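Here's the structure, in structure tokens; my notes come after.
The values are calculated or read from the model by the stated rules, or taken from the named source; none is laboratory data. The model shown is predicted, which means the values in this text are computed figures rather than measured ones. Cβ placement follows ideal geometry from the backbone for every residue including glycine, while neighbour counts extend to all protein chains displayed. Note: accessible area is taken over every heavy atom of the protein model, side chains too, but ligands, DNA and RNA are not part of it. Shrake-Rupley method; radii C 1.70, N 1.55, O 1.52, S 1.80 Å.
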Amino acid sequence: MISSILATKGGSVITASVQMSVRDAARLLTERGIGAVVVLDGAGQPCGILSERDIVRACAREGSLALDRDVGTLMTAHLVTVTPATTITEALTLMTDKRIRHLPVLESGQLVGVVSIGDLVKSRIDAAVLEADSL
């Protein structure tokens, strides 16, 4: 379950506001060593996600001018999410089908974490190693 991953890695989530500049968001991604930030609206609710891929594509189209835009104009607004009760297999399938690498985790509409494809793969590998060791 996604809850087991969050129990290990914690529920800390790096976020950005829709008004933040893409330049500042890129700096945040670099400083934190992460590939995406969940974007919050004025009420503090998740409304999108901005990934390194979004930034690279915008820079390829617009050059450095893209860095001066607001995060809200570049983010992926269709937010695909999971809950703590979602299974790892369900989350992996969702990521594969939607071609995404990060899933915000919502519980009762509140952001409680983010899992990446790396988190899910690590969890599956750890489970396989544990099973092999027990045999």
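Some observations on this one:
- Mean residue ellipticity (222 nm) of the chain, computed from DSSP H runs ≥ 4 via -39,500 (n - 2.57), nearest 500: -14000 deg cm²/dmol
- With every protein chain in place and a 1.4 angstrom probe, the accessible-area ranking of His102, His78, largest first, reads His78, His102.
- Sorting 21-29, 116-124 by their mean Cβ neighbour count within 10 Å, with the most densely packed peptide first, gives 21-29, 116-124.
- Net length gained if the chain between Ser64 and Gln110 were fully extended (0.36 nm per residue, minus Cα distance): 13.1 nm
- Hz values of 3J(HN,Hα) by residue in segment 86-103 - Karplus curve (6.51, -1.76, 1.60), Gly and Pro given as x: 5, 6, 5, 4, 4, 5, 4, 4, 4, 5, 5, 5, 8, 6, 10, 10, 9, 10
- Placing a pseudo-label 7 Å from each Cα along the Cα-to-Cβ vector at Ile14 and Thr93 gives an inter-label distance of 3.2 nm.
- Contour excess over end-to-end distance, with Cα ends at Met1 and Arg32 and 0.36 nm allotted per residue: 8.6 nm
- Under a model in which nothing but the beta-carbon of Lys, Arg (+1) and Asp, Glu (-1) is charged, segment 68-131 shows a dipole of about 180 debye around its Cα centre.
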